[in-house]
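The values are calculated or read from the model by the stated rules, or taken from the named source; none is laboratory data. Everything quoted here is computed from the prediction, not taken from an experiment. Note: ideal-geometry Cβ built from the backbone for every residue, glycine included; neighbour counts use all protein chains shown. We work out accessible area using only protein heavy atoms, side chains counted, and drop any ligands, DNA or RNA first. Shrake-Rupley method; radii C 1.70, N 1.55, O 1.52, S 1.80 Å.
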Amino acid sequence: MISLPDRTKMAAHLSYGRVNLNILREAARKELREFLDKCAGSKAIVWDEYLTGPFGLIAQYSLLKEHEVEKMFTLKGGRLPAADVKNIIFFVRPKLELMDIIAENVISEDKMRSPRDFHILFVPRHSLLCEQRLKEQGVLGSFINIDEYILDLIPYDGDLLSMESEGAFRECYLENDQTSLYHTAKGLMTLQALYGTIPQIFGKGECARHVANMMLRMKREFAGSQTQILPVFDTLLLLDRNVDLLTPLATQLTYEGLIDEIYGITNGYVKLPPEKFAQKKQGEGGKDLPTEPKKLQLNSAEELYAEIRDKNFNAVGAALSKKAKIISAAFEERHNAKTVGEIKQFVSQLPHMQAARSSLANHTSIAELIKDITTSEAFFDNLTVEQEFMTGVDTDKVNTYIEDCIAQKDPLIKILRLVCMQSVCNNGLKQKVLDYYKREILQTYGYEHILTLNNLEKTGLLKPQTSTRNNYPTIRKTLKLWMEDANEQNPNDISYVYSGYAPLSVRLTQLLARPGWRSIEEVLKMLPGPHFEERQQLPPGLHKKRQQGENRTTLVFFLGGVTYAEIAALRFLSQMEDGGTEYIIATTKLINGTSWIKSLMDRLEALPF
């Protein structure tokens with residue numbers, strides 16, 4: 001049996017922000033209920049495992065239980081586990097290999113028992129190819145309902161939406177498959193149906209252009225059914241990931257970014273080494289340390305996490321000790337409570353105080369784990385080389401640190417991140433430098449990685465220098481991508497998220513709001529893909545009258561993935577006193593350098609000779 005996280009407290013924080021994202025979550029829940037009610041009687045759900053995380057953000061197990069879901073299983077070959085239910089529902093992504101498993105499940109169904117009804121729910125889209133595969137396997141006729149559940153944009157936090165489409169960057173830039181762009185356009189149409197038409201669309205990059213075109217076409221097709229909703233968003237900015245290939249390769253230096261770099265955050269959860277979190281009882285010594293990883297949920301519903309997650313890690317220690325003093329002072333108050341009324345008031349605050357204390361203990365432990373890594377020599381050396389590349393130091397020759405790392409057989413992804421970063425900061429590598437790196441990598445890590453290197457070249461991450469001119473220094477200077485002496489404790493610029501480097505993607509966003517992209521036309525032309533502006537007609541009477549001093553709301557959509565450090569930089573811009581714009585962030589996938597490079601890796605299978 002598998003379980004979905006029970007998130008009864010989950011949704012409140014989605015409605016605190018400038019835009020109430022709970023409306024989107026509720027719409028998704030309503031559709032799920034309607035589908036479940038189509039299958040009358042008791043039910044078991046068979047899950048494509050990848051979907052359980054995203055679904056957990058929409059619906060808890062309690063909602064499924066209300067609609068007669070009695071059992072849940074993970075999709076795997078062979079016979080389905082025994083379950084005394086009337087309906088078996090497969091929740092799956094439209095992938096052919098999953099259809100083969102479903103067919104095996106259906107064929108091996110016990111003929112002696114009372115027959116069960118089968119249903120399929122495709123997420124996020126129905127697929128005729130998959131139906132064809134089921135037909136070839138001879139099981140298509142066994143299904144009573146074949147439906148789709150359009151789960152495009154999932155609210156992750158009060159200002160964050162993700163499609164969690166793991167292959168979006170690879171599909172768009174490597175396989176020339178634009179399915180994820182179609183899903184993006186559909187997701188944005190759903191958003192406009194709930195939050196009103198977005199009057200202004202800006203974009204940069206080929207994929208951004210495709211998405212905008214699809215949206216405008218869909219709008220024309222539904223011309224009669226426009227929603228009479230006052231627009232919540234003023235602007236939509238569509239940004240291709242390949243406009244800024246540098247940012248995800250760099251090591252993120254915010255608290256949340258480092259948690260993701262080191263442990264990986266999946267669907268709002270992180271798994272951590274358990275020994276740091278063991279509760280030591282007096283007199284027990286160190287016996288029976290837990291072996292299961294500690295699983296923690298990370299979002300703004302937790303007050304302390306919301307406060308520290310976007311800080312540069314060097315500012316987290318001070319914030320935690322300040323919080324510790326406040327909490328212990330609050331507990332000391334109990335000595336001052338004399339009257340019954342005062343004692344009662346103290347007792348009523350106790351649950352909140354205890355939650356704050358346990359939250360502080362958790363984050364102190366996480367910060368200690370991270371500090372062990374960030375204070376190591378290996379981390380410092382790696383960061384030094386990254387910052388040299390970003391500032392344009394020796395990007396045109398073989399780097400001795402990378403040579404040493406290959407010689408020591410450091411993890412391949414670490415090598416690839418650095419070599420790609422050098423290539424991006426040098427607008428491609430000289431052919432002999434590139435050939436040298438490739439040869440060293442293949443000889444050390446194995447020739448099966450030749451496909452991966454080929455993929456990195458196709459996506460522009462690792463490429464030979466075609467023109468003699470390296471544009472990166474011009475881009476860096478014009479957009480002020482490197483800020484000396486970035487203030488990590490009390491930041492005054494977005495560059496604090498990488499201790500000096502301002503993410504190019506976020507700098508473009510910042511300049512669009514003020515003074516506008518016209519001021520950087522020349523640099524925009526140096527970056528890949530077209531830049532454009534579109535206006536969408538609003539139904540009469542829905543033009544927003546902006547109050548004096550009221551902020552604009554911009555939805556920034558990253559096509560191909562976004563990092564937590566970029567999200568932190570956008571939150572910083574939202575909170576700036578004189579910023580004038582609040583940002584909501586949407587993406588095809590939450591990524592870091594490791595998960596991003598991993599998605600582009602392929603291995604040549606050894607031939608069976």
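Could you give the accessible area per residue of the chain, probe 1.4 Å, as a whole number in Å²?
Numbers: 28430 Å² over 609 residues.
Value for the chain: 47 Å² per residue.
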Report, in cubic angstrom per residue, the convex hull volume of the C-alpha atoms of the range 197-261.
-> 126
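Diagonalise the Cα gyration tensor of the range 85-171 and give the resulting equivalent ellipsoid semi-axes, square root of 5 times each eigenvalue, largest first, whole Å. Mind showing how you got there, number by number?
Numbers: eigenvalues 170, 49, 20 Å².
Whole-Å semi-axes of the equivalent ellipsoid: 29, 16, 10.
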Compute the Rg to Rh ratio over the range 451-609 from the alpha carbon atoms, using the Kirkwood formula for Rh, and round to two decimal places.
-> 1.04
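How much of the accessible area of the range 391-491, probe 1.4 Å, is carbon plus sulfur, in whole percent?
Details: 2440 of 4980 Å².
Summing carbon and sulfur atoms, their accessible area is 49 percent of the total for the range 391-491.
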Where in the range 447-480 does the label zone of GLU522 land, with the point 7 angstrom along Cα→C-beta and an amide N cut-off under 18 Å?
-> 469-480
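Place a +1 charge on the Cβ of each Lys and Arg in the range 35-175 and a -1 charge on the Cβ of each Asp and Glu, then give the dipole magnitude about the Cα centre in debye, rounded to the nearest 20. Present the calculation step by step, with values, prior to reporting the outcome.
Numbers: 16 positive and 24 negative charges, 120 e Å.
Magnitude of the dipole: close to 580 debye.
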Inverse of mean 1/r across different Cα pairs in the range 1-133, Kirkwood, Å = 15.9
Taking a straight Cα-to-Cα line shorter than 15 Å from LYS86, and setting aside same-chain aspartates and glutamates fewer than 8 residues away, one finds ASP37, GLU68, GLU70, GLU109, ASP110, ASP117
Cα Rg, Dmax, the chain, angstrom units | 26.1, 86
Based solely on its DSSP helices, what 222 nm [θ] is calculated for the chain when runs of n ≥ 4 H residues each add -39,500 (n - 2.57) and the sum is averaged over all residues, nearest 500 deg cm²/dmol?
-> -13000 deg cm²/dmol
Among the listed pairs LYS276/LYS323; LYS186/LYS219; LYS463/LYS598; LYS95/LYS589; LYS294/LYS598, which are separated by more than 22 Å between their Cα atoms?
-> LYS294/LYS598
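Which shape class applies to the range 53-108: rounded if a/c is under 1.5, otherwise prolate when a/b exceeds b/c and oblate if not, where a ≥ b ≥ c are the square roots of the Cα gyration tensor eigenvalues? Working shown, then result.
Details: a/c = 2.72, a/b = 1.36, b/c = 2.00.
Verdict is oblate for the range 53-108.
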What is the Cα centroid distance between the range 550-609 and the range 395-444, reported in whole angstrom?
-> 25
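Restricting to DSSP loop positions (anything but H, G, I, E, B) with no more than 15 other Cβ atoms inside 10 Å of their own Cβ, which GluC sites (Glu not before Pro) remain in the range 110-201?
Details: sites: GLU131, GLU136, GLU148, GLU164, GLU166, GLU171, GLU175; in loops: GLU164, GLU166, GLU175.
Passing both the DSSP loop test and the Cβ count: GLU175.
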In whole percent, how big is the carbon plus sulfur part of the accessible area of the range 1-139, probe 1.4 Å, protein atoms only?
-> 53
Approximate spin-label separation GLU332-GLU109, in nm, with each point projected 7 Å along Cα-to-Cβ = 6.8
Starting from the Cα of GLU550, step 7 Å toward the Cβ, then list every residue of the range 234-271 with an amide N under 14 Å from that point.
-> 234-235
Find the eigenvalues of the gyration tensor of the Cα atoms of the range 327-472, then list the square roots of 5 times those eigenvalues as equivalent ellipsoid semi-axes, largest first, in whole angstrom.
-> 54, 16, 14
The alpha-carbon center of the range 39-58 and that of the range 495-536 are separated, in whole Å, by 40
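How do the peptides 245-252, 73-80 rank, highest first, by the average count of neighbouring beta carbon atoms within 10 Å per residue? If you can, show how the numbers build up before the last one.
Numbers: 245-252: 24.6, 73-80: 14.2.
Top of the packing list down: 245-252, 73-80.
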Of THR553, THR339, THR468, which has the most accessible area with a 1.4 Å probe, and how do the rest follow in descending order?
-> THR468, THR339, THR553
How big is the range 352-416 by Rg and Dmax over its Cα atoms, in Å?
-> 17.9, 57
Just how much of TYR182 is accessible, in Å², when a 1.4 Å probe is used and the result is rounded to the nearest 10?
-> 90
Surface/4 of the Cα convex hull for the range 225-375, nm² = 16.6
In whole percent, what relative contact order does the chain give with Cα contacts below 8 Å and a gap of six or more residues?
-> 18
Given charges at beta-carbon only (K, R positive; D, E negative), |dipole| of the chain in Debye | 920
Candidate aspartates and glutamates for bridging to LYS438, where Cα separation is under 14 Å - those fewer than 8 sequence places away on the same chain excluded = GLU403, GLU448, GLU457
